[in-house]
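We did not get these values from a lab; they are worked out from the coordinates using the rules stated. Remember, predicted model here, so these are calculated numbers, not experimental data. Here the Cβ is made from the backbone with ideal geometry for all residues, glycine too, and neighbour counts use every protein chain on show.
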Amino acid sequence: MKFGIVGTGMIAKIHAKAISEIPESKIVACFDVVPERAQHYADSVGCRAYTDFRSFLDDPEVEIVNICTPSGLHSDAAIPAAESGRHLIIEKPLEITVERCMRIAETAQRHHVTLSGIFPSRYSDASQTIKRACDAHRFGVLTQGSAYVKWWRDQKYYSQGGWKGTRALDGGGALMNQSIHAVDLLLWFMGPIKSISAHTSTVGHTDIEVEDNAAAAIEFESGALGAIQGTTAAWPGFMKRLEIMGTQGSAIMDEDMLSFWQFIQESSEDSSIRNRLSKSPSTSGGAADPAAIGYEGHRRQIVDVIDAIERGRAPLVDGIEATKAVACVEAIYKSAAQGGTPWRPTRI
C-alpha cells in the first residue's frame with residue numbers, strides 16, 4: 001500500500017519506521033502546516049511534501065492516510081480524507097470526545113473506507129496471550145481488572161510542544177494522552193464498564209489545563225471490580241501494568257512482559273509462555289521519555305489494516321473499538337468533575 005502522512009512530528013517517525021519494514025509498502029506523500037518540517041520529513045523518508053491539505057488529498061498515489069497531528073485536530077483531517085475515499089489510520093486517541101470519534105467512524109462507514117485507531121499494545125505477544133486466555137475463560141470468573149500508568153514527564157514536555165496539556169488539542173492529560181493505551185487493553189480484556197467513580201488533580205506540573213494525576217474505581221458489567229491509575233508526575237517513571245485476576249488464574253503484564261502467569265489448571269503451553277514472555281522489554285514504553293518507544297506494535301497494526309483492506313474485513317482496532325477507551329476516559333473526567341459521583345461510560 002501507499003501511505004500519506006498528516007503531521008510530521010515525533011510519532012510520524014514511528015509510522016515511517018514501521019512502514020519501511022512492510023514489504024511492498026511505502027510513504028509517497030506527507031503534509032504539515034510548517035513547510036520546513038514537511039520538507040525535512042519528506043527528505044528523510046523519500047516522499048513528496050505538501051503544505052496545502054487539499055493538494056495532499058489530490059495526490060493520486062495516496063491510498064491510506066496516517067493522521068499524526070495533535071489529538072484535537074484528528075477529525076479535521078480524517079473526515080475530508082475519508083470523504084476523498086482514503087483509508088484511515090489515526091494515532092491515539094481517535095479524537096478527544098466520543099462525539100468526534102463517532103463522527104469519524106460514521107464518515108468512514110458512509111464512504112466505505114477502512115478506519116483503524118492506533119493501539120499497538122494490543123498487538124504484543126503478551127497482550128494477545130492474555131486476550132486468548134480471557135476468551136477461553138481460563139481465568140474462571142473475572143474478579144479484578146486494573147491498569148496502572150505511573151509515568152514521568154518534566155515541565156519542559158508540556159511547554160515545548162505548544163499543544164500538550166491543553167484541553168482543546170490534548171483533550172486531557174495523563175489519562176487521555178498517556179494512559180489510554182492501558183485503558184484500551186483493560187476494556188479489551190475485561191469487557192464493558194458499568195460504573196466509574198474518579199478523582200483527578202494537577203499536582204506535579206504548572207501552567208497546564210489538564211490532569212497529571214488520576215485514580216478511578218471501576219465496576220465492570222460482569223460484576224468484576226478494578227482500578228485505573230494514571231499520572232505523569234511519578235519520577236522516575238514506571239512501566240505500565242495490567243492486572244487480570246480470576247477464580248481460576250491470574251496474569252500481570254508489565255509493559256510487554258508477563259511478570260505473572262499462573263492457573264489452577266495448567267496447560268501444556270503455560271511453561272513455555274512464562275519462559276518466552278517473562279523477559280524484560282527492550283524499551284520502557286515511554287515511561288519517562290515519550291520518544292523511547294518501539295515501532296513493532298505499529299508495524300503489526302499497519303499490517304493488520306492492510307490485510308483488512310485486502311480481505312474486506314474490519315481491522316482489530318476499528319473505529320468503534322478505538323472509541324471505547326475515549327468513552328471510558330470521558331466518563332472518568334465527568335465523574336471527577338462531580339466530585340467522584342459514579343458515572344456510566346457512553347455505550348458504543
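Things to note:
- With Cα atoms, 0 to 90° folded angle of helix 180-190 axis to the chain main axis: 50
- A simple rule links phi to the HN-Hα coupling: the Karplus curve 6.51 cos²θ - 1.76 cosθ + 1.60 with θ = phi - 60°, which for region 122-136 gives 5, 8, 6, 4, 5, 4, 4, 5, 5, 4, 4, 5, 4, 5, 8 Hz, with x for Gly and Pro.
- Set of lysines near K26 by C-alpha distance (under 25 Å), chain-local residues within fewer than 8 positions excluded: K2, K13, K17, K92
- Considering only W235, Y295, N275, and ranking their Cα positions along the charge dipole of region 219-348 that arises from unit charges at the beta-carbon of Lys, Arg, Asp and Glu, the one farthest toward the positive end is W235.
- This ranking places V203, V33, V113 by how few other beta-carbon atoms lie within 10 Å of each, fewest first, which gives V203, V33, V113.
- Residues M10, M239 arranged by fewest to most Cβ contacts within 10 Å: M10, M239
- Sequence-distant residues sharing a close amide H with F31 (under 5 Å, placed H): I5, V6, G7, Y50
- With contacts taken as Cα pairs under 8 Å and at least 6 residues apart, region 49-170 reaches a relative contact order of 23 percent.
- Euclidean distance of C-alpha centroids, region 161-220 and region 305-345, integer Å: 13
- Dipole moment magnitude, nearest 20 debye, the chain about Cα centre, only Lys, Arg, Asp, Glu C-beta charged: 420
- On Cα atoms only, tilt of 35-45 relative to the major axis of the chain in degrees: 70
- Helix-only CD estimate at 222 nm, as mean residue ellipticity for the chain, using -39500 (n - 2.57) per DSSP H run (n ≥ 4): -10500 deg cm²/dmol
- Largest GNM mean-square fluctuation across E63, E269, E296, computed for the chain with C-alpha springs under 10 Å, falls on E269.
- Here A292 and H40 are evaluated by their C-beta separation; at R0 = 25 Å the FRET efficiency comes out at 0.70.
- Size of charge dipole - region 224-348 - debye, nearest 20, with Cβ of Lys, Arg +1 and Asp, Glu -1, no other charges: 320
- Once the Cβ-Cβ distance of H137 and E24 is raised to the sixth power relative to R0 = 51 Å, the FRET efficiency obtained is 0.80.
- Fluctuation leader among A49, A147, A292 - the chain, Gaussian network, Cα springs under 10 angstrom: A292
- The phi torsions of region 294-305, fed into the Karplus equation with coefficients 6.51, -1.76 and 1.60 and a -60° offset, translate into couplings of x, 10, 5, x, 4, 4, 4, 5, 5, 4, 4, 5 Hz, rounded to whole numbers, with Gly and Pro shown as x.
- Axis of helix 319-337 versus longest Cα principal axis of the chain: the two differ by about 60°, to the nearest ten degrees.
- Relative exposure of S116, S271, S159, S250, judged by other C-beta atoms within 10 Å (fewest first): S271, S159, S250, S116
- Between the residues A216, Q338, V317, the greatest Cα displacement towards the positive end of the dipole of region 198-348, with unit charges on the Cβ of Lys, Arg, Asp and Glu, is found for V317.
- Length gained on full extension, S201 to S280, computed as 0.36 nm times the residue gap minus the Cα-Cα distance: 25.3 nm.
- Taking the Cα centre of region 1-135 as reference, the dipole from Cβ charges on Lys and Arg (+1) and Asp and Glu (-1) amounts to some 320 debye.
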